[in-house]
Structures are given as structure tokens and as C-alpha cells.
1. Just to be sure, is Ser162 under 30 Å from Ser27 (Cα atoms), under 15 Å from the mean Cα position of the chain (by Cα) and of a type outside the set (A, V, I, L, M)?
2. If we keep just the residues of the stretch 148-176 that are within 16 Å of the ligand (Cβ to nearest atom) and part of a loop (DSSP other than H, G, I, E, B), which is surrounded by the most Cβ atoms within 10 Å (Cβ to Cβ)?
3. Could you please find all residues in the stretch 48-101 being among the charged types (D, E, K, R), under 22 Å from Leu131 (Cβ atoms) and out of contact with any Asp or Glu (no Cβ under 7 Å at 6 or more places or on another chain)?
4. Yes or no: Thr186 surrounded by 13 or more Cβ atoms within 10 Å (Cβ to Cβ), away from the ligand (no atom under 16 Å from the Cβ) and assigned to a loop (DSSP other than H, G, I, E, B)?
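Just so you know, all these numbers are worked out from the coordinates, no wet-lab data involved. Keep in mind it's a predicted model, so treat the numbers as computed, not measured. With ideal geometry, Cβ positions are generated from the backbone for all residues, glycine too; neighbour counts draw on all protein chains shown.
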Amino acid sequence: MTPTVTTRPSPAHGDAHHAVVHEPGESVEATCAKIAGRCVLITGCMFSGKTTALLRAARLFPEAARVLVKHAGDTRYRTDAIVTHDGDYLPAHAIADARAITELIDEHTHLVVVDEVHFFDDSLADVVAALTRCGIGAVAAGLELGCWGQPFPSIERLVELSDERLELTARCARCGQTADRTQRTTPIVAGRLVGGAESYEPRCIKCWTPPPQS
Ligand SMILES: [Zn+2]
């Protein structure tokens, strides 16, 4: 199946977007029905507004109807919440294995939200496929490319099974053109990616270079 692909600039550049299209005045039931059994994938470089789009989609659903998860290895900002770079957040379960999602859902769950999907292994795609078969919707966000410009394997499988895809971009920190790559700006010490968001910036393909090693 080929997903619908929508490419939009980051909300930081003035274009509001919704991962799940929500009409003004629409009932919660109608929004739930729209996402039922569908997977929406949000990709883009760092600082493209992926997590903002994710939280906006989550907030269309009552707390009891949504399950939010993040990878336990993502300890930036907070360990118990999905947090945007500008400090907005919603509480989330930190899990090390995507299969734990199946223990978090119940008969009230209409939506599962997954942040930073590139941290998960291939089993995430299996879990998302199982959720959508049960009529539960999934909205997942993550980096498509690592800081070496390589695609993450877990994203590739989610791209294949997604029904809708939102590709977000940012402004290149060097030239101001549309950026879809993440530039590592501090050296990688002994192969370890230490450092948080301050070690990265969005770059266009022309300004992007492989990360410095030390
Ligand atoms: Zn550039």
C-alpha cells in the first residue's frame, strides 16, 4: 500500500497542521472513527515540529481513549512524558520494548501515540499492524534519517504500513532553505552519540555533512 504523503513546513514557520484532520465542532466519536484502524506516520528532521504535531493529534482524544508511549532510552527533558523542544508535554509511558504497548491498551483505547519511533526495533511495526487490525488508530513520529544520513530500519517498515504520512521540514540553520536532514554539530566521542538537542541542528542537503569524529 502506498501511503498518502503530505509535506508541510514546521508549525514554527507559520503553517498549522493536524496529523489527524479534525473539523471544528466535530465530536470525539467522529474523530475516533476517522483514526480507527489507521496508521499516521509523522517524519522529518530534528526541530521540524514532529512532537508538536503528535501532541496535537493526541489532544483530540480524551485521556481514557489514548495511550502515549516513548522509548525508555529517550531521557531528554523528562522520562515520564512526551515533550516538545519548547516545553509542551503530555504524560507518557516509557517502554523499552514495543510489545509492552499491548499491555497498556484496554477496551477504551482508540488511539496509540508513539514518539521517537527510530529508537524502537522492528517489533514496533508488528505491534502497530496488530493494533490497526483491531480497529485502534496509531499516530507515530520519528526521524527518518540518522545523523549519518542513513534511514532507520524501524521507520522503513512503518512507512510501508502507514495509511497517511506527514513529512515535516524545518529551516536550514546555515542557509535558511528547506531542511530535511539533521546535522550533528559536536564530535562523536568513541562512537557514542552523547549530548542532547543542543548537539544537532536542521540542515538542507547542500549544507549537511557527515558528523565529525574524535
Ligand atoms: Zn542549507
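1. Criteria met by Ser162.
2. Ranking the qualifying residues of the stretch 148-176, first place goes to Cys172.
3. Lys50, Arg56, Arg59, Glu63, Arg66, Asp97, Arg99, listed by residue number.
4. Answer is yes for this residue.
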